[in-house]
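I have placed the structure first, in the form of structure tokens, so that the comments after it can refer back to it.
The values are calculated or read from the model by the stated rules, or taken from the named source; none is laboratory data. These figures come from a predicted structure and were not determined experimentally. Cβ: placed from backbone, ideal geometry, glycine included. Neighbour counts: every protein chain shown. Side chains are part of the model used for accessible areas, which takes the heavy atoms of the whole protein and leaves out ligands, DNA and RNA. Shrake-Rupley method; radii C 1.70, N 1.55, O 1.52, S 1.80 Å.
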Amino acid sequence: VQLQASGGGLVQPGGSLRLSCAASGIIFSIHTMGWYRQAPGKQRELVADITSGGSTNYVDSVKGRFTISRDNAKNTVYLQMSSLKPEDTAVYYCNAVLGVKSSWGQGTQVTVSS
């Protein structure tokens, strides 16, 4: 299983970024895909996930600002992030879950700073 995350970077407060995670080695369409993040000194937390059926779930702190989506034809999950805040600064990880099996990507750094 390979999950290749990209799209991170440095952005000013109020700005936007779109993260992408390309999956290979799995039947992408049947997996629940998620984005997690880990800030320095903090535990990794779920940001958003999307089921195989397209149902989405968000942590309260990003509701209304972030949107998770998936393109099963491209084996890719996206996280559109808008109105970014300094507290969104973290390494963002892609995750694929099917039953009890969970796979992780390598992470992409998002830094929100002026």
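Restricting attention to region 9-27, and to residues there that are modelled with pLDDT under 95 and either loosely packed, with under 15 Cβ neighbours inside 10 Å or touching a helix residue (DSSP H, G or I) at 6+ places or on another chain (Cβ under 6 Å) (or both), which single residue is nearest to Gly99 (Cα to Cα)?
The selected residue is Ile27.
Identify the single condition in (1) within 17 Å of Thr108 (Cα to Cα); (2) open to solvent by 50 Å² or more (accessible area, probe 1.4 Å); (3) touching a residue at least 24 places away in the same chain (Cβ under 8 Å) that Ser61 does not satisfy, given that it satisfies every other one.
Failed condition: (1).
Quick check: is even one residue across region 23-38 among the basic types (Lys, Arg), within 17 Å of Thr108 (Cβ to Cβ) and touching a residue at least 24 places away in the same chain (Cβ under 8 Å)?
Yes.
Return the total of residues in region 64-87 being under 15 Å from Gly14 (Cα atoms), open to solvent by less than 40 Å² (accessible area, probe 1.4 Å) and under 12 Å from the mean Cα position of the chain (by Cα).
Of the residues in that region, 2 qualify.
Which residue pairs have Cβ atoms under 9 Å apart, sit 6 or more places apart or on different chains, and have a first residue in region 99-114 that is under 13 Å from Gln38 (Cβ atoms) and a second that is among the hydrophobic types (A, V, I, L, M, F, W, C) and open to solvent by 100 Å² or more (accessible area, probe 1.4 Å)?
Gln109/Leu10; Val110/Leu10
Looking only at region 39-58, which residues are hydrophobic (A, V, I, L, M, F, W, C), within 11 Å of the chain's Cα centre (by Cα) and open to solvent by less than 40 Å² (accessible area, probe 1.4 Å)?
Of everything in region 39-58, those that are hydrophobic (A, V, I, L, M, F, W, C), within 11 Å of the chain's Cα centre (by Cα) and open to solvent by less than 40 Å² (accessible area, probe 1.4 Å) turn out to be Val47, Ala48, Ile50.
Quick one: Ile30 ticks every box in (1) surrounded by 14 or more Cβ atoms within 10 Å (Cβ to Cβ); (2) over 19 Å from Ala90 (Cα atoms); (3) not small (Gly, Ala, Ser) except a single one, so which number is it?
The single condition Ile30 does not satisfy is (1).
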